[in-house]
1. Please go through the residue pairs 32/65; 32/71; 41/72; 44/72 and name each one whose alpha carbons sit more than 18 Å apart in this structure.
2. Apply the Karplus curve 6.51 cos²θ - 1.76 cosθ + 1.60, θ = phi - 60°, to the phi angles in segment 33-49 and return the couplings in whole Hz, x for Gly and Pro.
Amino acid sequence: MSKLIITLIIISVISIMVVTSLKKCSNERHLKENGILTTAKVYKAEKKPARGYCFVFYRYEVNGKIYDNHKKEGLSEIKEENILGSEVPLLYDSDDPSEHVILLTKDDYEGTSLHIPDSLPWFNY
């Protein structure tokens, strides 16, 4: 009986993770196709070498309201000294500006109609 309960719990957790992931992908695709373009200002980059990534903290404003957020990127890609103070394109949802996608890497531009810059000076390519 306890094996059945544990199996059901594991299946439930995996199902929730799959649904959440699918919803996130769908939302990101919607933003890339229909989002409103603005810029975000990067104010902090926090490297986590032991974990192999870097948090990029940024801020953007919509209709007088300021939104703060961050994105995790691979450590090998980021040039901390070049990203601080940079203005980076961001697409947000007109109904809920907290829903957004920031365009930090060339891969982030996939699915948008925006021109991919020849170089992104804050990343190693």
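1. 32/65
2. 8, 10, x, 8, 7, 8, 10, 10, 9, 7, 10, 7, 10, 10, 7, 10, x
Read-outs: derived from the displayed coordinates by stated rules, not from any lab. Just so it is clear, the model here is predicted, and its values are computed rather than measured.
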